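Student: Quick one: the structure is below, and I'll ask about it shortly.
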Amino acid sequence: MTIRRTIGVLALQGAVSEHASILTDLGAHVILVRRTEHLNGLDGLVIPGGESTAIARIAAPLGLFPAVRNLVSGGLPVFGTCAGLILLAHTVEDADALAGFDRIATLDITAQRNAYGNQLASREAPVDFMPTPTVQPVAAFIRAPHISSVGPRAKVIATADGVPVAVQQDNQLAATFHPEITGESAFHHYFLSLV
Amino acid sequence: MTTDSTTPSPAPASRVNTGLARMLKGGVIMDVVNAEQARIAEDAGAVAVMALERVPADIRAQGGVARMSDPDLIDGIINAVSIPVMAKARIGHFVEAQVLQALGVDYIDESEVLSPADFIHHIDKRSFDVPFVCGATNLGEALRRITEGAAMIRSKGEAGTGDVSEAMKHIRTITQEIAQLAALPHDELYVAAKELQAPYDLVVEVARAKQLPVVMFVAGGVATPADAAMMMQLGADGVFVGSGIFKSGDPAARAKAIVHATTHYNDPAEIARVSRGLGEAMVGINVADVPAPHRLSERGW
């Protein structure tokens, strides 16, 4: 018998209900996290796509990111998609619009925001995902960031056309794309296996 | 666009285009008329900016034909911010839309705030790669826009008034119509589709899902943090604020307050906290004092 896991979805702004829906379908109990007290008792946390500039500004007065950083450093499994990857990345290039705002910054990568240009460059693409070598899940890249370098503590776990698009560092998972938009559950399934 | 009448239009909005709207959920999209306002909006936590030549309150006050913005102005705004940039085209003006797509905007708003270019047809949005948001006052209008390829719906309200009553009417109408549709037995959906003047398959999809297949924001008259929070409590996915910010006494503070109220829409103490010390709200006009021919929400068909 499996124990039902409680997964938080950071619910300040962005594609919150899409993640909540996939996690619920996979059997998790979902908590929407808007304040630090909502972090209590979580088995994992998802940081959804949205606008990282907006999320960072909304989070600042709530003290959420220092609390998340402590939990992640203590081993809490976390999964960030798109804006979530930007918030988890140790370093962000061209981060003028994020300057002066706290991020979680626990993941040993350098990322670049909106690296592919405007919305006309957004696309769906098959992803080579190492935990599922026989199937290529389809993911949506929407004004996607780019992983410009991967530090020694993180490893690439997915590529698209040979370019790194998802990384893992122990309990931390981050992707430049949106599995929640294509209804693709392989990545959430893998995340739950870390919980 | 109109070159080959025998070629069927491509499919409705793609998942990456409806998906971009999903990334904006829970956020505030702000009208801006220049790069400086765009920076203020981004710095306040806007999820996107809407580039236009004049805010609706000025269009209303100054009159005349309102058109797509100058490309230099749109370029200036695109270069000033890192968040998505939307820009308005006139209803039915497919060449303004082609120009906006060529400029590289992230979203086009086919908007009743500008003077309509076509009083019968809307733009064939399926023939574009860039996504569109369109206004609607009721469910049938929303479904017709989605059929034409809209990737996002914006309930219209009455732009440029600072009076939230029409925004209230439109979101309540759309949510009530969805609830009524969802309660119908399956064999009554054929006539429902006829009455909504919308395709049967889309009507069935909405009845099953109990929601639109695309994100719906509210617009038109939102001027305070409490206005924004009320729209969220009524089921909006997010809000557009037009004249309400840059026609107020302290735009930066008001913009930030509306962003926080939109996130914490169910927390009255937090809405109270952010509502303090914002200075003058936009003066506004009661919708009842706007003669019917000048009501923007009646444009669109």
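Student: Going highest first, how would you order B:108-117, A:22-31 by mean Cβ packing within 10 Å? Each step should come with its number before you reach the end.
Tutor: Values: B:108-117: 24.3, A:22-31: 16.5.
Per-residue mean Cβ counts within 10 Å order the peptides as B:108-117, A:22-31.
Student: How much mean residue ellipticity at 222 nm does the protein assembly as shown get from its helices, if each DSSP H run of length 4 or more adds -39500 (n - 2.57) and you divide by all residues, to the nearest 500 deg cm²/dmol? Please report the intermediate quantities before stating the final value.
Tutor: Numbers: 18 runs with 170 residues, N = 496.
So the helix-based figure for the protein assembly as shown works out to -10000 deg cm²/dmol.
Student: Rounded, prolate or oblate: which one fits the protein assembly as shown, using the alpha carbon gyration tensor with axes a ≥ b ≥ c (rounded when a/c is under 1.5, else prolate when a/b beats b/c, else oblate)?
Tutor: Values: a/c = 1.56, a/b = 1.37, b/c = 1.14.
Cα axes put the protein assembly as shown in the prolate bin.
Student: For the protein assembly as shown, what is the percent of antiparallel DSSP beta bridges, rounded to the nearest 5?
Tutor: Working: 20 of 66 bridges.
Rounded to the nearest five, the antiparallel share is 30 percent.
Student: Any idea which of A:Leu10, A:Phe141, B:Val85 is furthest toward the positive side of the dipole for the protein assembly as shown, if Lys and Arg beta-carbons carry +1 and Asp and Glu beta-carbons -1?
Tutor: Projecting each Cα onto the dipole axis, the largest value belongs to A:Leu10.
Student: Let me ask another. Out of all DSSP beta bridges with both ends in the range A:6-194, state the antiparallel percent to the nearest 5.
Tutor: On the way: 20 of 39 bridges.
Close to 50 percent.
Student: Highest mean first, what order results for A:102-109, B:146-153, A:44-51, A:116-123 on Cβ atoms within 10 Å?
Tutor: On the way: A:102-109: 21.5, B:146-153: 25.1, A:44-51: 27.8, A:116-123: 17.5.
Per-residue Cβ counts within 10 Å, averaged per peptide and sorted highest first, yield A:44-51, B:146-153, A:102-109, A:116-123.
Student: Compute the Cα gyration tensor for chain A, then decide on rounded, prolate or oblate, letting a ≥ b ≥ c be the square roots of its eigenvalues: rounded whenever a/c is under 1.5, prolate when a/b is larger than b/c in the other cases, and oblate in all that remain.
Tutor: On the way: a/c = 1.42, a/b = 1.05, b/c = 1.36.
In terms of gyration-tensor shape, rounded.
Student: Using only atoms on other chains, find how many Cβ atoms lie within 10 Å of each Cβ of peptide A:113-121 and report the average. Show your work: numbers first, answer last.
Tutor: On the way: counts 2, 4, 0, 0, 2, 9, 15, 9, 2.
The shielding value for this peptide is 5.
Student: Under a Cβ-Cβ cut-off of 11 Å, what is the net charge of the residues other than B:Leu114 that fall near it, where Lys and Arg count +1 and Asp and Glu count -1?
Tutor: Values: positive: B:Arg54, B:Arg67, B:Lys88, B:Arg90, B:Arg299; negative: B:Glu53, B:Glu96, B:Asp109, B:Glu110, B:Glu112.
Around B:Leu114, the surrounding residues sum to 0.
Student: Also, quick follow-up: Starting with the highest mean, order A:135-142, A:10-17 by the number of other Cβ atoms within 10 Å, averaged over the residues of each peptide.
Tutor: Working: A:135-142: 21.6, A:10-17: 26.1.
Those peptides, ordered most packed to least, come out A:10-17, A:135-142.
Student: To the nearest 20 debye, what is the magnitude of the charge dipole of the range A:6-194 about its Cα centre, counting +1 on the Cβ of each Lys and Arg and -1 on the Cβ of each Asp and Glu? Walk me through the intermediate numbers first.
Tutor: Numbers: 10 positive and 16 negative charges, 66 e Å.
Charge dipole, the range A:6-194, about its Cα centre: 320 debye, nearest 20.
Student: Using the Karplus equation 6.51 cos²θ - 1.76 cosθ + 1.60 (θ = phi - 60°), what ³J(HN,Hα) coupling, rounded to whole Hz, does each residue of the range B:21-32 give in order, writing x for Gly and Pro?
Tutor: With the stated coefficients, the range B:21-32 comes to 4, 5, 5, 8, 4, x, x, 10, 9, 10, 6, 9 Hz.
Student: Right, something else. Let me make sure I get this right: for the range B:1-138, a, b and c are the square roots of the gyration tensor eigenvalues over alpha carbons, sorted descending. Under 1.5 in a/c it's rounded, otherwise prolate if a/b > b/c, else oblate. Which is it? Don't skip to the end; give the middle numbers.
Tutor: Details: a/c = 1.77, a/b = 1.28, b/c = 1.38.
Here the range B:1-138 falls in the oblate category.
Student: With the calculation restricted to Cα positions, what are the radius of gyration and Dmax of the range B:167-301 in angstrom?
Tutor: 17.9, 55
Student: Further question: Which FRET efficiency value, to the nearest 0.05, is calculated for B:His186 and B:Ala209 with the Förster distance at 25 angstrom and r the Cβ-Cβ distance?
Tutor: Details: r = 14 Å, r/R0 = 0.58.
Between B:His186 and B:Ala209 the formula returns 0.95.
Student: Note down the net charge around A:Arg4, summing +1 for each Lys or Arg and -1 for each Asp or Glu among other residues with Cβ under 15 Å from its Cβ. Show your work: numbers first, answer last.
Tutor: Working: positive: A:Arg5; negative: A:Asp25, A:Asp43.
Residues near A:Arg4 contribute -1 overall.
Any read-out appearing in this document is the output of simple, stated calculations on the displayed coordinates, not a laboratory observation. Being a predicted model, the structure only gives us computed values, none of them experimental. Every residue, glycine among them, receives a Cβ derived from its backbone with ideal geometry; neighbour counts consider all protein chains shown.
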